[in-house]
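Encoded as C-alpha cells, the structure appears first; notes follow it.
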Amino acid sequence: MSGGPMVGVVLVSHSKEVAASVAALAVGLAGGGATAPVAAAGGTPDGGLGTSAELIAAAAREVDRGAGVALLVDLGSAVLTVKAMIAEGDELPEAARLVDAPFVEGAVAAVVSASAGADLAAVAAAAGEAYGYRKE
Amino acid sequence: MVGRPRGHGGAALGVLRGIAAVFLHTCADSGAARAWVLTGENGEKEWYVSEVILDAGFFVRWMAAAAGLVDREAERLTELDSAIGDADHGSNMQRGFAAVVRTVAAQPPATPGAVLVAAGRQLISTVGGASGPLYGTLLRRAGKSLGEAPQVTAAQLRAGLAAGVAAVEELGGATTGDKTMLDALVPGIEALETSFDAAATASEEGALATVPLLARKGRASYLGERSIGHQDPGATSSALLFAALAEVAR
C-alpha cells in the first residue's frame, strides 16, 4: 500500500471551473501528507463547455507515475470521450481506467485512497463505493 | 442487428437480372477503379457495387465531401439540435470535419484504413460534444477493420462500417429506434450492398423516420415526450456521410 508510485486521478467535467474546483476540494479533503497527483480536464481548450480529448490526454500524462490513472467523468460526452479513448485510442497511458463513480464524492474517495497508496483497482473500488452512501 | 453481412450472391443476381452486356471497365482517374460496369436493358450503366475498388485518395475525397456537406448543412444541424439538444451540433461537426480535412491534406495517409483512423482520431480530439467520440469511434473502428490494404472493395468498406456501427452501439448503449445516429447509419449500411446512391437514400429516409420517435439516449432523452416531432440531429448528420460517399463515388 505504500512506498511505490501513486495512482494518478484525472477529473473530467464539461466545465473548466467544475473540474478545477472538484480537484481542489478532493485534494483539500485528502488532508496533510503526500497527496496523489490530481489533474483537472474541464471544458474545451477555448474555455467553453464541452469535452476535450486533448485536455484529457494531457492531464493523464501529467499525473501518470506508472501506477495507473483513474479517470472520473461527469456526464454525456465526457463519459463517451474517455470510453472512446480507452477502447480505440493510444492517447492515454496503458493503465488508464474509466472509474464508474459519482463525480464529486467519487473524486474525494479516489484522491484519499490513492494518496494512501491504494492501487488502481482499490482506488476505482473506493470511488465506486461512493454510489452507496445514501443521503436520506 | 447491425452489419450481419448477407451473402453477396443475392445482390449479384439482382444486378445481373436483365443485363444485356457485362464488360471490364476501369476508371483510371477516379480512384474508384470500377471493376465491372453492367449495362442494363435500356442502356443505363450500373455498378456491381461489391466489386468497386477504392483507394486512399477516394477516402480523402469522401472526407472532404463530408466536410463540404456539413458546412452547407451546419445551420440546419444546429437548428435541429436547438429543438432537442444543446444547439451545437452544426458547429461541432464543422470544427471536427474541418480538422479532418486539414489533417489528411497535410499528411495524406497511404491506405483507406489509415484515412479513416486519422479522421476518427481528429473527430474525437476536436468535436467537443458527444458526436466526437461517436463519429470518431465509427470511423476509427471502420479504419482499423480495413487493415493496411492499399485498396479495398466497397463490400469491405461496408463490412468496416458495420464494425464501426457495432462499436458505436457498444459505446453509446443505444440501438435502432432510440432516435440516434444509428437510425440513419444502420439502414445506410444495409443499402450499401446495393449501391452508394441507395445507401444515401436509405440513410436520409432513416433520418426522416426519427421525427416521430421518442429519444432514449443523450440529452434529448431528458425531454421525454417533448422529443417527439423533431428530427434527430445525429441521424441527420449521419445521412450526410452517406450523401458524401455517393457524391464521391459518382
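The values are calculated or read from the model by the stated rules, or taken from the named source; none is laboratory data. Worth saying up front: this structure is predicted, and the values here are computed from it rather than measured. Cβ: placed from backbone, ideal geometry, glycine included. Neighbour counts: every protein chain shown.
Could you please let me know if A:G33 is more than 18 Å from A:V73 (Cβ to Cβ) and in contact (Cβ under 8 Å) with a residue 40 or more places away in the chain?
Values: more than 18 Å from A:V73 (Cβ to Cβ): yes; in contact (Cβ under 8 Å) with a residue 40 or more places away in the chain: yes.
Yes, satisfied.
Taking into account only those residues within the stretch A:114-136 that are acidic (D, E) and assigned to a loop (DSSP other than H, G, I, E, B), which is modelled with the highest pLDDT? Outline the logic, then answer.
Residues of the stretch A:114-136 that are acidic (D, E), as a first pass: A:119, A:129, A:136.
Checking the rest, the ones that are also assigned to a loop (DSSP other than H, G, I, E, B) come to A:119, A:136.
On the way: A:D119: 97, A:E136: 87.
Top of the filtered list is A:D119.
For the stretch B:55-164, give me every one of the helices (runs of 4 or more DSSP H) that falls completely inside it and has 1 or more residues that are surrounded by fewer than 22 Cβ atoms within 10 Å (Cβ to Cβ) and within 14 Å of the chain's Cα centre (by Cα).
Working: elements: B:56-84, B:89-106, B:112-126, B:131-146.
Result: B:56-84.
Okay, residues lined up against (1) within 14 Å of chain A (Cβ to nearest Cβ); (2) surrounded by fewer than 22 Cβ atoms within 10 Å (Cβ to Cβ); (3) within 21 Å of B:D88 (Cβ to Cβ):
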residue	(1), (2), (3)
B:K179	no, no, yes
B:A184	no, no, yes
B:P187	no, no, no
B:S195	no, yes, no
B:L213	no, yes, no
B:E247	no, yes, no
Are any residues in the stretch B:121-154 acidic (D, E) and facing another protein chain (nearest Cβ under 7 Å), and if so, which ones? none
Suppose the filter is within 14 Å of chain B (Cβ to nearest Cβ), of a type outside the set (V, I, T) and in contact with a strand residue (DSSP E or B) (Cβ under 7 Å, 6 or more places away or on another chain); does A:D74 pass it? yes
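Restricting to the stretch B:85-137, and then to whatever is in contact with a Leu (Cβ under 7 Å, 6 or more places away or on another chain) and among the hydrophobic types (A, V, I, L, M, F, W, C), can you tell me which residue is nearest to B:A64 (Cα to Cα)? Steps first, please.
The initial filter retains those residues of the stretch B:85-137 that are in contact with a Leu (Cβ under 7 Å, 6 or more places away or on another chain), namely B:89-90, B:93, B:96, B:100, B:112-113, B:116, B:119-120, B:123, B:130, B:132-137.
Going one step further and asking which of them are among the hydrophobic types (A, V, I, L, M, F, W, C), we end up with B:93, B:100, B:116, B:119, B:123, B:130, B:134.
Numbers: B:M93: 13, B:V100: 8, B:L116: 12, B:A119: 11, B:L123: 14, B:A130: 22, B:L134: 19 Å.
The qualifying residue nearest to B:A64 (Cα to Cα) is B:V100.
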